[in-house]
Structures are given as C-alpha cells and as structure tokens.
Amino acid sequence: MPVRERYTLNSTAIGELDVLELPVPPEGSLNVVRACTQADIDAPSLGKLVVRSPVLSAEILRVSNSAYFGFPSKITSIAHAVTLVGHRTLRNMALCSAMKETLKPDQVPAFPVEEYWESALRRAVCAQHLAVEVGSDTESAFTAGLLQDFGLLVLFFLHHNRVCEWPGLAELSPDARYELELQLFGTTHDKVGLQLAETWNLPPVLKLALGHHHDGPPEGADEQAVAICRLTQCADWMASVFTAENRRHSIKLCRSLLLDYFGVDTAKCDGLLEQIPGLMNESASSLGFGLGEQVTYDELIQEANLNLAEENLNFQQMNWHLQHTLEERDRIAGELNRELASAREVQRGLLPSDSGGCPGFMGLNLSAKAVSGDFYDYFRLRNGEIAFCIADVSGKGMNAALLMAKVSSLFHCLGKSILDPSKLLGMLNREILETTIQGMFVTMVAGVFNPDTRRVRLANAGHLPVAMMRDSRLVSEYPAAAPPLGIIADVVFPLEEFQLSGDSSLYLYTDGLVDGKWTIDQETGVAGLYKVFARHWQAPLCERLQYVAADIRALAGRLEDDVTILALEI
C-alpha cells in the first residue's frame, strides 16, 4: 500500500516513511551538488557533470548571461559559465533545479508550489543576508535556508488531502507552524528533511541545516554546525516577519534570537529586515523565480503597530490618543455623511420630480444605502409619445451609484432622439462596454408609450419581467429576451409591442422587491410581489406604490437591496 494511504496521523516515528516512496531529485543535479563540495574539483570537470543535465545546463547559461552578473560578452560554453559563476553559486543553482524537478506542481494537486518556493527563497535570502552580517559562509547559508522547509512540501506530497491546510500553515510563526505540522501529519518537516538529506547523500552541513534548525545542532557538533543551525533558525523567524499573521510576535522573537545568538541589536536587526524585499527581487532574478510585489518592512511595522513610541505610552497618553482618534473619526464620518447626502440629492435630481406632463406614470425609489444603484425615468417626446425606463446596476454603494448616474444621463439624452427601444438599448450597451469597470453591468427595460393609441413598445435587457395586471389579476408578463447591458457587444434586443386597455396597469420593478426573505400567503419572489400588487389594486396609483413599499418593508424588515417601482395606468 502506498505511504500516503498507510501513513497515519498518529505516527510520530519518521522511520515509518518508506524511502522508496520519497521523491527523488535528478541524479545529475545531485552529482553537481556533491562535486561542488570537493576542494580539488576543477571547472572543466564540473562542466562535464553539468552538461549531463539539459535543464541545469540551460539554467546556468541563462543566469550567467543575465543582468545579475553583467558579464560584457555572451557566455556560450558551460565550462566558461561554471568558471565565472563559481562553485558555490553553481551548487545553489543545481539544488534549486533539483528541488523544482523533484516535486512539480502536478505532483501535488491544488498545492500553490510557486507560493511555497517564494517563501523558501525568502528564508534563503534572510539566511544569506544574516551570514554577511555575522561573517559566516554566505553560500552555505543561502542553500540551507532554501532547503530547510523542503520536508513540508514532501509531507503535502504524501498527504494530498491535507493541501487545504497550507494557507493556515503559511500564516503561522515557525513555532506555531511546527506544532500544527505535528498535529496534521504526525511528524514535522525537519524530521522528513533529515531523512531526505541522508537518502540523497547531501553534504553534512546541509544535513544539519535541514534536520536541526528547530531543535539545535546535535551534541558535540562543531562551530560550523552550530552556526548553520542558528542561521537557519533565525532566517525562519526573519522570513515569518513578512508572512506571519501575528507579525508582532515574529518581530519580537526575531530581535531576541539575533541578539542572543549573534549580538545583533534591535537597530541592526531592523536594518537587515528592511533590505530583505530588495534582496528578494535580486535573488529571484538570478535564479529564475517569479515574484509578486514585496511588502516593505516599514509597511509591516505600521501594520503590526510596533512603533516604540506607541509601546511606551502611559495610560494618560493612550487615553488622549484614543480620544483624539475618536474625534478624528467623528469628523471624517461627518464629512462623509455630508458628501453622501449631497450625492443622494444629486441622484434624486435625476429622477422625475412629478408626472412631468406624463399622466398615468408613477415611480418610487428606496435606497438600501445612502446612494442607490436603481433608477427609473420617463419624459414626453416631441411626437407626443412618452419614453420610460427602469434599471438596476450590479452591486451597491458608490460604484453602482456612479454608473447609475451615467446610464440615467445617457438614457435621458439618447432617448429623445432614438425612439426605438431596441436600438436605444443597443446604443447604451456599446457605450457601457467602452467605459465601464470590468465586471459591472446593468439590467434595464426601456419603452415608449403612445397615449393616443395606448400602444406600448419595450425591450428588456436582462431585467425582471414586466407585468401587466387587470384589477387583481395578472394578464401577461414580458420577460428578458437578451442579456444585461455591458456584458456582450453587438447584442440584439428584441422588441415587444402590445396594447394597454383602460382598466390595466403596467408594473416595472427591481430585484430588491423579490429577493428578500419575506413571504405573503406563503409566496415569495415575483409571485409574492404580484399578490402585494393585487392587495392594493383599488387604491389610487400614487398611494398604491407607497402601500406596496410599506408591505414589503413590514414583511422583510431591513432593506437589503434598493427597491424601485415604476407603474403605468390609464
């Protein structure tokens, strides 16, 4: 039975890991790594080993010709490249190549391998940078930092069902992550790393770094072993400053360890951390890593609220600071409320103020927030007909309100010259597609009513059905026959034409009236709304819409979405 099936979470014995089930890196790359540790190896001999690995050969030529090294002429020979970059840089490149080839993304399904390698590179950069400060072997420190958590990647390889735990692990400090690994896998990455190092016959200094960066070097270890274990432990904490959720804890532990182990005081520790993002970009460029934007140490300090002045505030100072903050909050809130009130007044100005010479039309708009993403409009055309519409912009808040204002203005302007609702929606669709933020759209019904013939022409772009009711009965519905505006270019919006009788009413409404959790006579949604319309059919139109809104509010409680109704009654 494969290891990932028989290896239980209760097991703490690393010996239960079957060596045959562990991932194996390319032998050619490992041979280069081992050869780089030999004092008498020369560049031609290393070059011969490198050319046996096409992947490593291509990588060393790419890096040696990159801006990172800046050699004046193009390097085409592997032996020449080996000579120029040096044994230790070559070892790092060989290990990077080997580790990436050992576990590719498709071998650990759904695991963000690139995200893991970015965190590994950050530990490597921290270890190398600290080694420069304390006068230790920088290349060995970089390699050890890069590999110290490789055992964790192997654990996810052995336990595919635990991949979902990665985001939680990635946000923990080293000590908390270590404890959670033990709970999840029954062992930890350093134990797996030590077995991997022994199985792959890695150099002794790397075995120590992989296997003892948490519990310290084995008893009797020499000075170099102690240094590499302490370097990798400090690098782990330095890297966690940029990734851990509790950055305050990581920064404090980082400062303490660097002082205890290497005599690096707080100011120097902070100075080292400030340089890590820039060094990350340089190292990523040289090793072919793709990185996202790096957060600066100053930004992390602000986020963690670790300014020494704030830590040393006495109670009275803290109270003053809190009072000042509350006053500032109230001032900003007041300004914001005034701005929102102004925006709301502007929006109200976009709605018809009264019948506007359009008898039979009546509308109502209630905002769930200070500003609305719904609107309606109607106005008389030069030929005596009346143009009307109702629309709902996706989303809520200021973005939706701004798009609503734009679409409302476009309709009011273009609707006076484009008298075909189908063509009008086509024009609006093109305008919205050209300038709107991606992902936002508008559902809309546009229509034209002839008061003399009582003829209605309308087109529906992804909006809720238009309802025609006679007394308390639903006569017909006119649903959407095309998608909303702002999604697809060159859409045809089919035209509906019908006659209004003298005792019928036409209702247009937005989804705030049908998406709530309210019920009436055990009906919800559109069917429930029609029952509310029917309940008040005998009331005058101006009062009827107010009654409908009051019923919906009573049934639904707090409005979760904007509520808009437009009605036409002969």
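For this structure, a couple of remarks:
- Sites ASP175 and ASP298 - FRET efficiency at Förster radius 41 Å, r taken between beta-carbons, to 0.05: 0.95
- The spacing between the stretch 228-290 and the stretch 446-502, judged by their C-alpha centroids, is 64 Å.
- Given LYS207/LYS252; LYS74/LYS207; LYS207/LYS268, the pairs whose alpha carbons are separated by over 32 Å: LYS74/LYS207
- On full extension, the segment bounded by VAL134 and GLU114 gains 4.2 nm, given 0.36 nm per residue less the C-alpha separation.
- Length gained when the stretch LEU259-MET427 is fully extended (0.36 nm per residue, less Cα-Cα span): 53.6 nm
- Two-site FRET efficiency, HIS80 against ASN161, from Cβ-Cβ distance with R₀ of 60 Å, rounded to 0.05: 0.80
- For q = 0.07, 0.09 Å⁻¹, Debye-computed log10 I/I(0) when each Cα of the stretch 106-312 counts as one equal scatterer: -0.19, -0.32
- A simple spin-label model places pseudo-atoms 7 Å from Cα toward Cβ; at SER417 and VAL475 they are separated by 3.5 nm.
- Residue order for GLU223, GLU171, GLU496, fewest other beta carbons within 10 angstrom first, comes to GLU223, GLU171, GLU496.
- FRET efficiency estimate (nearest 0.05) - Cβ-Cβ, PHE498 to ALA534, R0 25 angstrom: 0.75
Quick note: the coordinates plus some simple rules give every number you see, no bench work behind them. Keep in mind it's a predicted model, so treat the numbers as computed, not measured. Ideal geometry is used to build each Cβ from the backbone, glycine not excepted, and the neighbour counts take in all protein chains shown.
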